[in-house]
Amino acid sequence: MSYHIATISCRTEKPIDIIDITGDVRSALEKTGLRQGTVTVLSRHTTACININEQEPRLVQDMVTFLKRLVPRDGDYQHNLEPIDGRDNAHAHLIGLFMNSTETIPFAEGRMLLGEWQSIFLVELDGPRNERQVLLQIQGEA
């Protein structure tokens, strides 16, 4: 069994931003030369999550609209009274309660076994941010 670590860095542009990182994960997997195993995708942030869903522009817009309605930015939140980092971002932390910080994807013959319509997303909940980091732990056999 072989283990590899890789990092993907992303810049986010919007308060809620859904970024397709499937190609980056695929590229990192290919560089390992592994044929079968798993890749774990981890957001290293409490207000940015990992999600597997469909990459269709209107659906992505619907996702953003849904998240904004689920937990409005301008709610009456205790965290915003004395924010640790100067950001009124309680809404982002609360949305994160409903999302994952990791996803684990199996691969075989060097290819991720995602469904036909599945893509891997970094979901920014507190943007824009100059840098978000996604850690990949790839384990498997050649």
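Observations on the model:
- In Å, descending, principal axis extents of the Cα set of the chain: 52, 32, 23
- FRET efficiency for Glu141 and Ser101, using Cβ-Cβ distance with R0 set to 25 Å, rounded to 0.05: 0.40
- Across the range 32-103, the relative contact order, built from alpha-carbon pairs under 8 Å that are at least six residues apart, equals 50 percent.
- Once the chain from Lys31 to Arg111 is taken as fully extended at 0.36 nm per residue, the excess over their C-alpha distance is 27.6 nm.
- Among Pro83, Pro72, Pro128, residue whose mean-square fluctuation peaks in a GNM of the chain (springs only between Cα atoms under 10 Å): Pro83
- Summed over qualifying helices (DSSP H, 4 residues or more, each -39500 (n - 2.57)) and divided by its residue number, the chain shows a 222 nm mean residue ellipticity of -7000 deg cm²/dmol.
Read the figures in this text as sums done on the coordinates, not as results from a lab. Bear in mind the structure is a predicted one, so any value in this text is a computation, not a measurement. Counting neighbours? That spans all protein chains shown, and the Cβs are built from the backbone with ideal geometry, glycine included.
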